Amino acid sequence: MAHQLTFHREIEKVKKKFLVLGSLVEDRLQKASLAMQNRDPDLLQEIIGSDWEIDEMEIEVEEECLKILALHQPVASDLRLLVAMIKINNELERIADNAVNIAKRLQTINKDSTLAFSIDYQPMFGTVLKMFKLSLDALVTENAELARQIFFEDEVVNQLRNEAYRSVTHELNKEPGHAKCLVNLYLLARHLERMGDRIKNIAEEVIYLVEGKIVRGEMH
């Protein structure tokens, strides 16, 4: 009985840390979204400079999950929860990495002050943020239906990525002198698409956690 109490206390402790990590990553996404609009050099540097904080917390969460696995050897739903948290923990860190990559690309784009062309990435970033919030809500409430909504939102992100590609290739033909800047502008869309893919992976893990079945990007 005491063993069970200790186990559940440790699970709750790691869950709390995990949710702090989730809110830190969400904060980075919000800042990256704002930086895309205002191109503020200080904000870009802040996003890049604070990456270590998320990296360290990701390692802490993984180590605590592995310690619980080793000490308590959980089974069934408890085991699924820990495995899901280890995998989602890794996805969160990679989503934050993409926010850093966006900040670095924006720094490069800022150097070409003569390019008038721009893409409004707010609809795409807004969808990614919506997906991210859904994924954390789905995990906390262990709600597979919420998780499934993410697959549909991901299709929206992919369509917006295609639109960005068409816009940039059209502009490249008109303004070949700005090629480097335009390519970086398009690569912002690729980072957002990758974030969407990572969030979709989280959704798949939530469905596995709740239903015990493996899904890969199902659409229904």
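Projecting the Cα atoms of ALA35, TYR121, ASN201 onto the charge dipole of the chain, computed from C-beta unit charges around the Cα centre, puts TYR121 farthest toward the positive end.
Considering only LEU134, LEU66, ALA99, and ranking their Cα positions along the charge dipole of the range 2-211 that arises from unit charges at the beta-carbon of Lys, Arg, Asp and Glu, the one farthest toward the positive end is ALA99.
In the chain, the longest principal axis of the Cα atoms and the axis of helix 179-211 are about 20 degrees apart. Bridgeable aspartates and glutamates around LYS13 (alpha carbons under 16 Å apart, same-chain partners fewer than 8 residues away excluded): GLU58, GLU60, GLU62, GLU63, GLU64, ASP78.
Rank-order 193-201, 23-31, 69-77 by packing density, defined as the average count of other C-beta atoms within 10 Å over each peptide's residues, highest first.
193-201, 23-31, 69-77
Exposure proxy ranking for THR127, THR114, THR169, THR108, based on other Cβ atoms within 10 angstrom of each Cβ and starting from the fewest, stands as THR114, THR169, THR108, THR127. Among LEU182, LEU81, a tally of other beta-carbon atoms within 10 Å of each Cβ gives an order, fewest to most, of LEU81, LEU182.
The residues packed around GLY212, meaning those with a beta-carbon under 13 Å from its beta-carbon, carry a net charge of -3 if Lys and Arg are +1 and Asp and Glu are -1.
Quick one: of LYS15/LYS133; LYS15/LYS67; LYS31/LYS213; LYS17/LYS87; LYS104/LYS180, which pairs are farther than 25 Å apart, Cα to Cα?
Among LYS15/LYS133; LYS15/LYS67; LYS31/LYS213; LYS17/LYS87; LYS104/LYS180, the Cα-Cα distance tops 25 Å for LYS31/LYS213.
Across the range 2-211, Cα-Cα pairs farther apart than 22 Å form 53% of the total. For the chain, the dipole from Cβ point charges (+1 on Lys and Arg, -1 on Asp and Glu) about the Cα centre works out to 380 debye, to the nearest 20.
No lab work stands behind these numbers, since they all come straight from the coordinates. Quantities reported herein were computed from a predicted structural model and do not represent experimental measurements. Every residue, glycine among them, receives a Cβ derived from its backbone with ideal geometry; neighbour counts consider all protein chains shown.
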